[in-house]
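So the structure is just underneath, and the comments pick up after that.
Please treat every number below as a calculation from the coordinates, not as lab data. From a predicted model like this one, the values you see are computed outputs, not experimental measurements. Note that each Cβ is placed from the backbone with ideal geometry, even for glycine, and that neighbours are counted across all protein chains shown.
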Amino acid sequence: MPALTPQERFSRPAIVLHWAIFLLVALAYLAIELRGPKGSDSRVFWTATHFWAGCSVLALSIVRVAWRGYKSPPAPEAAAPILQLLSKASHVLLYVFIIVQPILGILCVNLAGHPVALAGLGSLTIVGPNHDLGKLVKEIHETLGNVFYWVIGLHALAALWHHFIKRDNILRRII
Ligand code: HEM
Ligand code: HEM
């Protein structure tokens, strides 16, 4: 297959940010899976890792959206209009998720009356305590977290389908 031209692929910073955010989101999920029972040392360690990975997702996502505003992505590959629409909609959802989900997480901790402790960086408080609102925000954070396992999974499967079955350039544009 011929190499892609710079116009056909995402810019280097966009590529690095896409995969760095992917790894940090995966770490945030992994930390939740591994955290263990309440009161254990494992829970303290993995919860701190979850906070740290999630806040890093937020920081990098802000940089990523700003970079996207500065440097447009390559024009979409030719595809049926319905596929183009689905692809665009899923990308918008993913952008919203990587910004909103960490903010909900931070609110969740603050509304429960705690600062977010970030090892090595100090602590973060953006709102004061409000236990009722905190419960609601926690439910939304957990539901979104569970729903996006599927959205991210479908996004990854679509990319693999393009690469291995359709054999087009979609995945190569971003690696
Ligand atoms: C992209 C980033 C993030 C993802 C994907 C994510 C995902 C999740 C998931 C899947 C859960 C567990 C849901 C369940 O138990 O069913 C969870 C719980 C939680 N997350 Fe996040 N989260 C992210 C960022 C954050 C951040 C930045 C914070 C706070 C600084 C945070 C705080 C929490 C808290 C407090 C819980 C509840 C833990 C408990 O059960 O005690 N999250 N998150
Ligand atoms: C947390 C996980 C992920 C998130 C949040 C995410 C998010 C995104 C977003 C927002 C875009 C749109 C880029 C733009 O138009 O500016 C994108 C593009 C893309 N992602 Fe992901 N992604 C994730 C994981 C993955 C994985 C695991 C794969 C592959 C197995 C993948 C493959 C791709 C491909 C091929 C594109 C380019 C699509 C195109 O050329 O239009 N992503 N991703």
**Message:** Compute, for the chain, the length of the dipole vector about the Cα centre, with Cβ point charges of +1 (Lys, Arg) and -1 (Asp, Glu) only. Units Debye, rounded to 20.
**Reply:** 420 debye
**Prompt:** When Lys and Arg each count +1 and Asp and Glu each count -1, what net charge do the other residues less than 13 Å away from L111, Cβ to Cβ, add up to?
**Reply:** 0
**Message:** Give the residue list of chymotrypsin sites (Phe, Trp or Tyr not before Pro) in region 86-175 that are DSSP loop and have at most 14 other beta-carbon atoms within 10 angstrom.
**Reply:** none
**Asked** With charges set only on the Cβ (+1 for Lys and Arg, -1 for Asp and Glu), what does the dipole of region 1-96 come to about its Cα centre, in debye to the nearest 20?
**Response** 180 debye
**Request:** Compute the FRET efficiency between L144 and A119 as 1/(1 + (r/R0)^6), taking r as their Cβ-Cβ distance and R0 = 25 Å, and round to the nearest 0.05.
**Result:** 0.50
**Complete:** Computed over the chain: longest principal axis from alpha-carbon atoms vs helix 12-34 long axis, angle to nearest 10 degrees, is 40 degrees
**Nitroxide proxy distance, nm - points 7 Å out along Cα→Cβ at D41 and A159** = 3.6 nm
**Request:** Starting from the Cα-Cα distance between A80 and A20, subtract it from 0.36 nm times their residue separation and give me the gain in nm to one decimal.
**Result:** 18.6 nm
**Fill in**
Hull volume per residue for region 6-174, using the convex hull of the C-alpha atoms, in Å³ is 133 Å³
**Item:** Local net charge near R35, Cβ-Cβ under 12 Å (Lys/Arg +1, Asp/Glu -1)
**Value:** 0
**Label-to-label distance, nm, for residues given as R167 and V127 (7 Å Cα→Cβ offset)** = 5.2 nm
**Asked** Going through region 75-175, which trypsin sites (Lys or Arg not before Pro) have at most 12 other Cβ atoms within 10 Å and a DSSP loop state?
**Response** R167
**Asked** What's the exposure ranking of T143, T49, going from fewest to most Cβ atoms within 10 Å?
**Response** T143, T49
**Selection from Y70, F22, L58 lying farthest towards where the dipole of region 6-174 points positive, charges on Cβ** = Y70
